[in-house]
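Everything on this sheet refers to the single structure shown next.
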Amino acid sequence: MSDANWPGDAETVIGWVRASIQPVDAPAVRGLEDVHISAELSGTDLTTLTIDASGVELSLDPPPTPAATTPHVAAEEPPVVHRTPGVLRTVRVTADPVRIERIPVTIDFQLYDARVEWLVYERPMIADRPESIHGLELAHDGTGMRGAFTASLRAADLTPLLAAVLHPALDTTGIRLRRLKVDVSQDGADGIRIQGRAGIGWRMLRASATGTARVGVSRAGIVTLRELRVGSRNPLVAIALRAARRSIREQVGRSFDLNDEFASAGGPRLSDVRVVAAKRLTISARLA
């Protein structure tokens, strides 16, 4: 395909999207071959793009991959040799559900009227993926773009999901997570209360600890730690926590802006951010 022909036709875009969602040096993902992708193209405007990832399974513990089969990613991004302006009119990404460590998570992402540039690089970003010679970049800082996303899971599934995340991280330190229980409840209109109990083992030492955190999330995407309490019946852990009490107290009242994180990554701004903790834990926001 010549530079002037990218994005070309709908089938070319679908092939590029399918190649782009393949993981590179990432946790194991099963079911990507069954992701349903459809697209309609009018010139350089992507009229519709729908991606249905229902049934995909994500494992957070990647299997060993022989070096010979690991995709070779360019150390530096190759230069762009051609740019073509276009618009993403309607993009919809759904998963009902995607399974993360067998935990079902429902995702619905929508994007409208995003001005973009279709990129052609001097050479493929990934050596054995010829489609990676093409790319897509948000233009004009996303001005005029709008959208929304929602992600949710059963509140009862939060404990096994966190355990699946923590197990591999702790294994590298020699610490064993013996038990974990996390409860999340609504704390006013704009906050959640997280209560956790955990037991760990390290060599001959066994210890347990409890913690409570109250977190506020404003509609503007400001996350504030309103309260943090930790304790333990194990005397050694209790002494360590007592010594860290000042630094723990310093965390209370601190805030960070989710939009700062998105802006640094070149992403859209969030508004109308909501976290609802009931039978399901749901996070939603609008994009602009």
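The values are calculated or read from the model by the stated rules, or taken from the named source; none is laboratory data. Not measured: the values here are computed from a predicted model. Cβ coordinates were reconstructed from backbone atoms using ideal geometry, including for glycine residues, and neighbour counts include every protein chain displayed. Protein only, heavy atoms only, side chains kept; ligands, DNA and RNA dropped before computing areas. Shrake-Rupley method; radii C 1.70, N 1.55, O 1.52, S 1.80 Å.
Structure values in brief
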read-out: Some residue of the range 165-177 being open to solvent by 20 Å² or more (accessible area, probe 1.4 Å), farther than 23 Å from Val230 by Cα and part of a strand (DSSP E or B); value: no
read-out: Subset tally (residues that are closer than 30 Å to Leu136 by Cβ and without any contact (Cβ under 8 Å) to a residue 24 or more places away in the chain) for the range 225-261; value: 2
read-out: Criterion (touching a residue at least 60 places away in the same chain (Cβ under 8 Å) and touching a strand residue (DSSP E or B) at 6+ places or on another chain (Cβ under 9 Å)) met by exactly one of Ile200, Ile192; value: Ile192
read-out: Yes/no for Arg214 being in contact with an Asp or Glu (Cβ under 6 Å, 6 or more places away or on another chain) and open to solvent by less than 70 Å² (accessible area, probe 1.4 Å); value: yes
read-out: Residue, farthest from Asp108 (Cα to Cα), within the range 130-140, restricted to residues that are touching a residue at least 12 places away in the same chain (Cβ under 8 Å) and open to solvent by 40 Å² or more (accessible area, probe 1.4 Å); value: Ile133
read-out: Tally, over the range 180-207, of residues that are at pLDDT below 90 and in a strand (DSSP E or B); value: 6
read-out: Residue in the range 18-28 that is open to solvent by less than 40 Å² (accessible area, probe 1.4 Å) and either modelled with pLDDT under 95 or in contact with an Asp or Glu (Cβ under 7 Å, 6 or more places away or on another chain) (or both) present; value: yes
read-out: Residue ID - least open to solvent (accessible area, probe 1.4 Å), chosen from residues in the range 141-164 that are in a strand (DSSP E or B) and closer than 30 Å to Thr12 by Cα; value: Gly147
read-out: Cβ pairs under 9 Å, 6+ apart, first in the range 154-172 and β-branched (Val, Ile, Thr), second open to solvent by 70 Å² or more (accessible area, probe 1.4 Å); value: Thr159/Lys181
read-out: Residue match in the range 245-258 (condition: over 24 Å from the mean Cα position of the chain (by Cα) and surrounded by 12 or more Cβ atoms within 10 Å (Cβ to Cβ)); value: yes
read-out: Per-region count, the range 227-237, residues open to solvent by less than 50 Å² (accessible area, probe 1.4 Å) and at pLDDT below 85; value: 2
read-out: Residue ID - farthest from the chain's Cα centre (by Cα), chosen from residues in the range 108-129 that are surrounded by fewer than 18 Cβ atoms within 10 Å (Cβ to Cβ) and under 17 Å from Ile37 (Cβ atoms); value: Arg129
